[in-house]
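One structure is given here, and the rest of the page talks about it.
Since every read-out is calculated from the coordinates, none of them should be taken as a lab result. Being a predicted model, the structure only gives us computed values, none of them experimental. Ideal geometry is used to build each Cβ from the backbone, glycine not excepted, and the neighbour counts take in all protein chains shown.
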Amino acid sequence: MATLTLYYGTNRAHTGSDRWNPTGYGARFSSDGAENLRFGRIGMSADSKKLTSYLTKRQKVLGEGDGEGLGDWLAQQPMSIAAYRESIDPTVADAHQPNAVFGSAALFAALKGHMDKGADVLIYIHGFNVAWNEAVGAALALQEQLNHHGDQPVVVVLFSWPSDGKSMPFTSYRSDRTDAKASGYAVGRALLKFRDFLMLLRSQVANGEAKPCNQEIHLLCHSMGNYVLQNALARIAEFSPGTLPRMLTNVFLCAADVDDDVLEPGEPLGRLDELTQAINVYTNRGDNALRISDFTKGNPDRLGSAGPARPQQVHTKVLQVDCTPLIGGLVKHSYYLTGKVNRDIAQTIAGLEAEMIKRARKRVHDRCVSLT
């Protein structure tokens, strides 16, 4: 049996009688409010042969690895959940609680332990219509796929917000979009805590009290998870005078269910470049889920369909990775988990240059490459 570990943060309400050892998390916000986050660790035992069969499955066009199938299978496996305990007064600012115990501090300490041993961290925000167990399955599949395909070890941290997990095309979508906006503020709050942790760590390194790990932190948002990020950025900007804090190396916007002008100056993600060294926009013109978002929900063209509306107006850090020639309509919406697309993400995390010959990419124009 393989032992899998996943770290998480969530603003979902816990299920079960014990919030520190819950049976799971549901489709509603935490009783402490939409911005209140729980952090913790998930353990899972999985059949090693079955796991390997998904990771090594060869698909004629898509390449090695069936991440979607792996995620679906892992979502059905029993899991143990241990939330990091907290002791705080929610009515008092964090800075005025010297004896408070924060779950975020326990998470950051655990991640630092992995980074000290050479692992990068990838924060993962899922999209619309995802239940808790499905989010866990997808996050674990992402972690296992990236470590299978890449030379750089990766630890994935799941942020799971109360997406309905129901297929009600109109009501559910509107509900999830409202919840995604509120959840964005929770993510922003968590990233501000992370900023403070990094500032303290940098101070300790400068004073010789700690050693730098020299590892990197990345962020991947899928589908409506990009709308969560959009609102998180607004919250970070609200509490960050001047330039936003540089915390990330790569941001991956996959199948992004946001407007196609969102990265332009003055638009909701127009300052994302301040937060990261590179922005990678993965697109597929054959993504039926985004077509439905366009036509049945009354949305403008989506960023995840054909990329930025005006590529020359977005920051030079933005690179579109067009997956259409590779996948077309073969994978509906979660192609970031699958085969060559996942391998491409792993190569970027490992620091491979965009034009290296070993990458299965073809230059389309200055701001766009396609996968082959």
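A dipole drawn for the stretch 2-371 from +1 and -1 charges on Cβ atoms has a positive end, and of Pro153, Asn250, Gln204 the residue lying farthest that way is Pro153.
Over all directions, the projected convex hull of the C-alpha atoms in the chain averages 18.3 nm² in area. One chain, two ends: Arg246 and His315. Fully extended at 0.36 nm per residue, the span grows by 23.3 nm beyond their Cα-Cα distance. Placing unit charges on the Cβ atoms only, positive for Lys and Arg and negative for Asp and Glu, gives the chain a dipole magnitude near 580 debye about its Cα centre.
Panel order for Trp73, Trp20, Trp161, by other beta carbons found within 10 Å of each beta carbon, from fewest to most: Trp20, Trp73, Trp161. Our note on the geometry: Cα centres of the stretch 297-372 and the stretch 1-19, 31 Å apart. With both labels modelled 7 Å from their Cα along Cα-to-Cβ, the Ala350 to Thr324 distance reads 2.9 nm.
Using the Cβ-Cβ distance between Glu209 and Gln77 with R0 set to 45 Å, the FRET efficiency from 1/(1 + (r/R0)^6) comes to roughly 0.65. Computed extension gain for Arg19 through Lys358, at 0.36 nm per residue and net of the alpha carbon distance, reaches 117.3 nm. Which parts of the stretch 177-207 would a label at Asp116 reach, counting a residue when its backbone N lies under 15 Å from a point 7 Å out along Cα-to-Cβ? Counting only backbone N, you get 201-202, 204-205. For Ser45 and His365, a Förster radius of 35 Å and the Cβ-Cβ distance give a FRET efficiency of 0.15, rounded to the nearest 0.05.
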